[in-house]
Amino acid sequence: MDQPTVATEPAPRKDPRLVASMVLGLLWVTAPPLAGTYLLVELGSISSLLQKDLTLGFWAYVAVFAVSAGLGILPTYAQAILGGWVFGMWMGLAGALMGFTGGAAIGMLFARAVAGASIEQRIANHPRAAAIRRALVGGSPAKTFAIVALVRLPPNSPFAITNLALGTTGISFWLALAATTVGMLPRTAIACFVASSAAATGADDLKQLVMEQGWTIVIVGLVTMGIVIAIIGRVAKKTLDRMTATESA
C-alpha cells in the first residue's frame, strides 16, 4: 500500500544582498590591517613620492585616502600617520579629515548599494540591535549625531564596518557624514601629531627612526598615544552605553 506523501515546504532562499553584505563585511575586517601594515613598512618610499610635488602630493593623498578607506582597502590610522609624517601636523590633519570624510561618503553609499534593506531586515529580528537602531533613527537629530560621533570615536571602531552599518540602517547620510568628521577628529589629530613629531627627527622611515632614536623612545611614544586614545575610547563607550540604555531595556 502506497504511503501518503507529505508535502514539504521549500527551504527559504537566502537574500543575495544579505550574503553580499556578509562577504563585504568579512573583506572589510581582514583587508585594512594587512594593507595598513604594508603602508607603514613602505612609509619611506611613499613619503618620497608624495614630497616630489607637495601640492600635487597633498591632493593625491586626499584622493587615495578617500577611495581606499571608502572601499575598505586601507585603514584610516595608517593613512593619518602617513599624512602627519609627510605634511606635518596641521596640513596632515586637514588632508586626513578630508580623506576620511570622503571615504565615509564612498563607504556608506557603496554599502547601501550592495546591501540595500537586507541589513535592516536582519536587525529587526534582534532586539538589542533593533534597540540601538531605534536610538539612532528614532531620536532627535542631535542625539543621532552624538551617537554616531561616539561610535566613531574609539580606536577599536573599524572604519569600513561602521560605514557598512551606517549606510544600511536608515540614518541620514549628511548627518552621519558630519558626525563622522567630528567623532574621528581626536584620534586622527593624535596620530598626525605623533607622526609629525617623529618625522621632525629627520628619519626617512620607521626603521631609521628606531635605529636613531632607540626602541625606548619609540615604544614610549606609541604607548602614550595608545593610552590617550584608549581613554578617549573608554569615555566614549560609557557615554554611548548610557545614551542607548533606555532603548535597550
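Points worth noting:
- Residues satisfying the stated conditions in segment 150-166, i.e. assigned to a helix (DSSP H, G or I) and either modelled with pLDDT of 85 or more or of a type in the set (A, V, I, L, M) (or both): Leu150, Val151, Ala160, Ile161, Leu164, Ala165, Leu166
- Flag if Thr169 is of a type in the set (S, T, N, Q), at pLDDT 70 or above and assigned to a helix (DSSP H, G or I): no
- Listed by first and then second residue, the pairs with beta-carbon distance under 9 Å, at least 6 apart or on different chains, first residue in segment 187-213 and at pLDDT 85 or above, second exposed (fewer than 14 other Cβ atoms within 10 Å of the Cβ), are Cys192/Trp90; Val194/Leu222; Val194/Thr224; Ser196/Trp90.
The values are calculated or read from the model by the stated rules, or taken from the named source; none is laboratory data. Keep in mind the model is a prediction, meaning the values are calculated, not measured. In this analysis, Cβ positions are derived from the backbone assuming ideal geometry, glycine residues included, and neighbour counts consider all displayed protein chains.
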